[in-house]
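The values are calculated or read from the model by the stated rules, or taken from the named source; none is laboratory data. It should be emphasised that the depicted structure is a prediction, and the values quoted were computed from it without experimental measurement. Here the Cβ positions follow ideal geometry from the backbone for every residue, glycine too, while neighbour counts run over all protein chains shown.
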Amino acid sequence: MAINVVIAGPRGKMGSEAVKMVENETNFRLVACIDHKNNGRTLDTIFPEVERSIPIYDDATKCFENHKDADVLIELSVPQAGYKHTKSALEHHVRPVVGTTGFTEVQLKELDEFAQRNNMGCMIIPNFALGAVLMMKFAKMAATYFPDVDIIEKHHDQKLDAPSGTAIKTAELISENRKAKTQGHPKEEETIPGARGADLDGIKLHSVRLPGLVAHQEVIFGSPGQTLTIKHDSMDRSSFMDGVKLCVNKVMEVKGLIYGLDTIL
């Protein structure tokens with residue numbers, strides 16, 4: 001039986017890849033889209049390769065009320081709308097798979113409580129690329145032996161949040177294995193504020209935003225006489241689609257909030 005899917009943010013670079021992926025999967029069926037600019041239109045008027053007249057809504061609640069057969073929301077819009085769409089999906093018993101980042105700890109807790117209460121799955125995935133998940137796992141392993149570490153993440157210049165959800169998740173995983181340590185000289189001073197990067201549990205995070213980039217991250221460990229760099233590059237957004245596909249299937253089985261692709265691999 002096909003899984004009925006709603007996509008929020010179909011015009012975006014990730015969203016358009018998700019449209020192609022869902023349309024090409026025999027066990028997925030795209031039933032509607034959420035897009036604040038194209039209310040009342042159909043998807044085939046935006047994407048000529050889509051042959052069916054899939055309706056577009058600018059309001060998530062209206063979308064879910066009109067499509068009670070929806071099983072999964074793939075949320076790929078923007079942080080300002082992502083939480084609202086995700087909460088509305090759960091209220092209408094639609095399971096969210098969320099690639100939008102920038103949610104607060106309070107919002108994540110609320111979504112988890114809502115999903116648990118409704119006995120449903122909800123997945124927040126900072127990075128759908130399987131290679132990125134392996135990068136995070138390897139970094140967590142290395143942190144046991146290399147407590148001195150910086151994270152450099154690079155993304156396209158239209159990304160709204162910094163640091164990236166992937167960088168934050170990586171730092172959190174490293175912190176689980178890393179002995180608490182203050183890095184750098186104890187008397188160091190920033191001549192320009194922010195020069196040493198953001199700080200998460202003593203780990204420095206640096207964000208680069210430039211045109212031409214997609215999604216890239218390197219985790220640099222240092223110790224006397226050596227460094228270790230663990231790096232992942234997404235050259236094209238098609239690299240994320242295997243992870244999206246996996247999550248759409250998996251969210252039908254899990255209960256409560258799942259944060260990060262690493263937790264289900």
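Yes/no per residue for (1) of a type in the set (Val, Ile, Thr); (2) within 17 Å of the chain's Cα centre (by Cα); (3) closer than 15 Å to residue 100 by Cα:
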{"residue": "5", "(1), (2), (3)": "yes, no, no"}
{"residue": "16", "(1), (2), (3)": "no, yes, yes"}
{"residue": "38", "(1), (2), (3)": "no, no, no"}
{"residue": "49", "(1), (2), (3)": "no, no, no"}
{"residue": "54", "(1), (2), (3)": "yes, no, no"}
{"residue": "83", "(1), (2), (3)": "no, yes, yes"}
Looking at region 4-49 only, could you name the residues that are more than 27 Å from residue 211 (Cα to Cα) and buried (at least 19 other Cβ atoms within 10 Å of the Cβ)?
5, 6, 22, 28, 30, 31, 32, 33, 43
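Within region 105-122, does at least one residue satisfy the condition of being in the same structural domain as residue 249 (by TED's automatic domain parsing), more than 23 Å from residue 19 (Cβ to Cβ) and surrounded by 21 or more Cβ atoms within 10 Å (Cβ to Cβ)?
Yes, because at least one residue in region 105-122 is in the same structural domain as residue 249 (by TED's automatic domain parsing), more than 23 Å from residue 19 (Cβ to Cβ) and surrounded by 21 or more Cβ atoms within 10 Å (Cβ to Cβ).
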Within region 171-189, is even one residue over 21 Å from residue 260 (Cβ atoms), touching a strand residue (DSSP E or B) at 6+ places or on another chain (Cβ under 8 Å) and acidic (Asp, Glu)?
no
Within the group 211, 186, 163, 193, which residue is in a loop (DSSP other than H, G, I, E, B), closer than 30 Å to residue 116 by Cβ and either basic (Lys, Arg) or not assigned by TED's automatic domain parsing to the domain that holds residue 112 (or both)?
163
Quick check, is residue 244 part of a strand (DSSP E or B), out of contact with any Leu (no Cβ under 6 Å at 6 or more places or on another chain) and surrounded by 19 or more Cβ atoms within 10 Å (Cβ to Cβ)?
no
